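All remarks here apply to the structure that follows.
The numbers here are math on the coordinates, done by the rules we state, and not lab data. For clarity, every value in this text was computed on a predicted model and none was experimentally measured. Neighbour counts are summed over all protein chains in view; Cβ atoms, including those assigned to glycine, are modelled from backbone coordinates with ideal geometry.
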C-alpha cells in the first residue's frame with residue numbers, strides 16, 4: 001500500500017474520512033475531486049473505479065490494524081493490558097474526533113450491497129480482529145487474569161460487537177463518554193469484578 005503516489009494517498013485519506021462518516025454509498029468521485037483539487041477523470045487514473053479506491057482504503061486500514069495489534073503484543077505482552085489498550089484507543093479516538101468510527105463497521109452495514117472485492121476486505125478485518133482478541137482472551141484465561149463465561153472465540157466476538165456497539169451509541173447520543181460507560185463494565189467482567 002506504500003506504493004501510492006502522493007495524490008493517490010490524498011485521495012485515499014479523504015475517502016477514509018468519507019467512509020467513517022457515511023459509508024460506501026455516501027460519496028462520489030465529485031466529493032473527492034473538490035477537496036483534493038483534482039478532476040474527477042484524474043481520480044480514475046489512480047483508482048479506475050470506486051470499488052478499487054475503497055478496497056485500497058480498507059486494505060490500508062487492515063494493515064494499520066495489524067500493525068497496531070502487533071505493536072501492542074510486542075510492547076505490552078499482557079492480555080488484559082492489550083484489551084484495555086484496544087478499548088482505550090477507540091475511547092481516545094472518539095473523544096478527540098480523530099476517528100469516531102471504525103470504517104469496517106460502517107461498511108459492514110452495507111455488506112450485502114458492497115462490491116465483492118470490498119466485502120472480502122471488510123470481512124477479513126473482522127476475522128483478524130476476532131482471532132487477535134481470541135488469542136488474548138485465551139492467554140489471559142490460561143494465566144488466570146481473565147475470567148470467561150463462554151469460549152474465548154464467543155467472548156471475543158461479543159467483545160468486538162460491544163466495542164462497535166459502544167461506538168454506535170456514542171455517535172447516536174452525540175456523547176463520547178458513553179463509549180467508556182458501556183465498555184467499563186465489560187472490562188470489569190473480564191477481571192471477574
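Here is how the numbers come out for the structure above:
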item	result
With Cα atoms, 0 to 90° folded angle of helix 50-75 axis to the chain main axis	30 degrees
Degrees separating the helix 177-190 axis from the principal Cα axis of the chain, which is the longest one	40 degrees
Chain lengthening between residue 96 and residue 66 when straightened (0.36 nm per residue, less Cα-Cα)	8.6 nm
Estimated inter-spin distance, residue 73 and residue 111, nm [label 7 Å along Cα→Cβ]	2.4 nm
Percent RCO, i.e. relative contact order, over segment 55-190, from Cα pairs under 8 Å lying at least 6 residues apart	26 percent
C-alpha long axis of helix 116-142 to longest principal axis of the chain, angle in °	20 degrees
Label-point separation, residue 169 to residue 37 (7 Å along Cα→Cβ), nm	4.4 nm
Modelled FRET efficiency - R0 22 Å, residue 184 with residue 158, Cβ distances, 0.05 increments	0.90
